[in-house]
Amino acid sequence: MIKLVGTPLSNYVATVRAALLAKELEFTEIDQMPVQEESHLKSSPMGKVPYIETDRGVLTEVNVIFDYLEDLSPSPALYPKDAWERAKAKEIGRISELYIDGASRPLTKAAYFGETVSEQIKEFCRPEIKKGVHALLRLGSFEDGFITGNELTYSDITTFFQIGFARVCTTKIYNWDFVTENKPIASYLSRLEEITSVRQAAKVMNDSLKSVGII
């Protein structure tokens, strides 16, 4: 059985949880914060979470885990079969990861843990996040269905949780909710919340965030 290792506070852990649920794969979870202790680095060389433990060994990095799950359990498919459509789905997922979630990361300690953040960082992050949101709107389809068409993909799962993370940061730091000011994205997120695997994975994360007063 697969073991999902990571803190339930993490949106990246939530993405893998949602993928496992969507694939209807049996798994257990082990609560683990990212640390630099040698015992942890043996499994996760960069000390990050999530990672998964399998009967063949350990896999780190979310995108690698997604590819493994797709090969392990091809049905239901979470990538398009067509090579071009699959590449476009991965492209959108990377845009979300790098330029929305990634652009928000310098704000994490302030937004999630109440630490101070410099005005320089604040001034840098907001326009970067805004560019990422606009890029996502140009690439993805948000009017109906899912981000690359009519089927749920890993890109939808990734985008849902990465937007959610960034939204907490921008709301707390700037009093700016970029979701509500972009109605196509707001409607898209509402549709994803109706997907059982996404909703269940999000509930675990949100319950954990609420328990420590982050949201």
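The values are calculated or read from the model by the stated rules, or taken from the named source; none is laboratory data. Keep in mind it's a predicted model, so treat the numbers as computed, not measured. Cβ placement follows ideal geometry from the backbone for every residue including glycine, while neighbour counts extend to all protein chains displayed.
Here are the numbers for this structure:
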read-out	value
Helices (runs of 4 or more DSSP H) enclosed by the range 22-102 - at least 3 residues per element that are assigned by TED's automatic domain parsing to the domain that holds Gly6, touching a helix residue (DSSP H, G or I) at 6+ places or on another chain (Cβ under 8 Å) and farther than 24 Å from Ile2 by Cα	none
Flag if Glu85 is buried (at least 19 other Cβ atoms within 10 Å of the Cβ), under 24 Å from Leu25 (Cβ atoms) and either of a type in the set (Asp, Glu) or free of Cβ contacts under 8 Å to residues at least 24 places away in the same chain (or both)	no
Residue list for the range 158-215, restricted to those being among the charged types (D, E, K, R) and under 30 Å from Gln120 (Cα atoms)	Arg167, Lys172, Asp177, Glu181, Lys183, Lys210
Which numbered condition Thr116 misses (of (1) in a loop (DSSP other than H, G, I, E, B); (2) within 25 Å of Leu209 (Cα to Cα); (3) under 19 Å from the mean Cα position of the chain (by Cα))	(3)
Candidates Thr28, Thr60, Thr7, filtered to the one that is in contact with a Lys or Arg (Cβ under 9 Å, 6 or more places away or on another chain) and either surrounded by 14 or more Cβ atoms within 10 Å (Cβ to Cβ) or small (Gly, Ala, Ser) (or both)	Thr60
Those residues of the range 63-113 which are over 21 Å from Leu189 (Cα atoms) and of a type in the set (Val, Ile, Thr), in sequence order	Val64, Ile65, Thr108
Single match in Phe178, Phe161, Phe142, Phe165 (criterion: in contact with a Pro (Cβ under 7 Å, 6 or more places away or on another chain), in contact (Cβ under 8 Å) with a residue 24 or more places away in the chain and surrounded by 14 or more Cβ atoms within 10 Å (Cβ to Cβ))	Phe142
Residue match in the range 154-174 (condition: among the charged types (D, E, K, R) and farther than 16 Å from Ile92 by Cβ)	yes
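Yes/no matrix, rows are residues, columns are (1) of a type in the set (Val, Ile, Thr); (2) within 16 Å of the chain's Cα centre (by Cα):
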site	(1), (2)
Lys3	no, no
Thr7	yes, yes
Ser10	no, yes
Val13	yes, yes
Arg17	no, yes
Lys23	no, no
Thr28	yes, no
Met33	no, no
Ser39	no, no
